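Participant: Submitted below is the structure of interest, expressed as structure tokens.
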Amino acid sequence: MVYIRIVKNSEETMLHNLMQFYIYEFSKYNPEIKLEKDCTYKPFDLSRYWKGDTHHAFFICLETEVIGFALIESDKKRNTVLEFFVLAGYQGKGYGKAAARSLFEAFSGYWNVSQIEKNQPAQNFWRNLISVITNGEMEEVYENRMYVQKFHTSSLV
């Protein structure tokens, strides 16, 4: 069973470790991403996820195993998927789709999900998933070299 759970402040190092795989995968779409001198990727600043109520970090879990993560921004007007990642060995098995749907159900209202122009696999994943779970009740725009799917949770089927 796939589920999402909030990342605790005490688990920040675990999230940073998992994000190394994400950054590695993402580096094929952005040649500006380089290793630091210690041969790791520069960590994300996650401080906003431990204070305030607009940023939320989740682990994606399969039974007791962490298989990915999601970073969400949510305010009173819109929810946004900032980052989303499932480890390569778990991709293509429906786990990411189940986790994404759980996130959409956890935060009602309007959503924006964006992908950079070069990341065709992410575009296909999000475009197909959102179209299916909203029965086509979504809008897609292209702006600033990004594809953005927009929808409201009231359209979830």
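The values are calculated or read from the model by the stated rules, or taken from the named source; none is laboratory data. This one's a predicted model, so the numbers in the text were calculated from it and none came from an experiment. Please note: Cβ atoms are built from the backbone with ideal geometry, for glycine as well, and neighbour counts cover all protein chains shown.
Participant: Among the strands (runs of 3 or more DSSP E) lying completely within the range 55-157, list those that include at least 3 residues that are under 30 Å from GLU32 (Cα atoms) and touching a residue at least 12 places away in the same chain (Cβ under 8 Å).
Facilitator: Values: elements: 55-62, 65-74, 79-86, 110-116, 139-143, 146-152.
The qualifying strands (runs of 3 or more DSSP E) are 55-62, 65-74, 79-86, 110-116, 146-152.
Participant: Among the residues of the range 27-45, is any of a type in the set (A, V, I, L, M), surrounded by 12 or more Cβ atoms within 10 Å (Cβ to Cβ) and farther than 25 Å from ARG145 by Cβ? Don't jump to the end; show me each part of the working.
Facilitator: Within the range 27-45, the subset of a type in the set (A, V, I, L, M) is 33, 35.
Going one step further and asking which of them are surrounded by 12 or more Cβ atoms within 10 Å (Cβ to Cβ), we end up with 33, 35.
Now drop any that are not farther than 25 Å from ARG145 by Cβ, which leaves none.
Looking for residues that are of a type in the set (A, V, I, L, M), surrounded by 12 or more Cβ atoms within 10 Å (Cβ to Cβ) and farther than 25 Å from ARG145 by Cβ, one finds none in the range 27-45, hence no.
Participant: Also, I was wondering about something else. Select, from TYR95, TYR110, the only residue that is in contact with a Lys or Arg (Cβ under 7 Å, 6 or more places away or on another chain) and of a type in the set (Ser, Thr, Tyr).
Facilitator: Every option except TYR110 fails the conditions.
Participant: If we keep just the residues of the range 123-152 that are under 16 Å from ALA100 (Cα atoms) and among the aromatic types (Phe, Trp, Tyr), which is surrounded by the most Cβ atoms within 10 Å (Cβ to Cβ)?
Facilitator: TRP126
Participant: If I filter the range 36-46 for residues that are among the β-branched types (Val, Ile, Thr), part of a loop (DSSP other than H, G, I, E, B) and within 29 Å of ARG101 (Cβ to Cβ), do I get at least one hit?
Facilitator: No.
Participant: Could I ask something else about it? Among the residues of the range 78-115, what is the count of those that are in contact with a helix residue (DSSP H, G or I) (Cβ under 8 Å, 6 or more places away or on another chain), within 20 Å of LEU18 (Cβ to Cβ) and exposed (fewer than 14 other Cβ atoms within 10 Å of the Cβ)?
Facilitator: So the count comes out to 1.
Participant: Counting just the residues of the range 132-152 that are among the polar types (S, T, N, Q) and more than 17 Å from the chain's Cα centre (by Cα), which one comes out farthest from ASP75 (Cα to Cα)?
Facilitator: Selected residue: ASN135.
Participant: Also, I was wondering about something else. State whether the residues of the range 17-24 include one that is β-branched (Val, Ile, Thr) and farther than 25 Å from PRO121 by Cβ.
Facilitator: Among the residues of the range 17-24, not one is β-branched (Val, Ile, Thr) and farther than 25 Å from PRO121 by Cβ, which makes the answer no.
Participant: Additional query: Might you check whether a residue that is surrounded by 15 or more Cβ atoms within 10 Å (Cβ to Cβ), among the aromatic types (Phe, Trp, Tyr) and either modelled with pLDDT under 95 or touching a helix residue (DSSP H, G or I) at 6+ places or on another chain (Cβ under 7 Å) (or both) occurs anywhere in the range 2-10?
Facilitator: No, there is no match, as no residue in the range 2-10 is surrounded by 15 or more Cβ atoms within 10 Å (Cβ to Cβ), among the aromatic types (Phe, Trp, Tyr) and either modelled with pLDDT under 95 or touching a helix residue (DSSP H, G or I) at 6+ places or on another chain (Cβ under 7 Å) (or both).
Participant: Give the residues of the range 65-77 that are surrounded by fewer than 18 Cβ atoms within 10 Å (Cβ to Cβ), farther than 16 Å from GLN20 by Cβ and either modelled with pLDDT of 95 or more or of a type in the set (A, V, I, L, M) (or both), sorted by residue number.
Facilitator: Passing the criteria: GLU65, GLU73.
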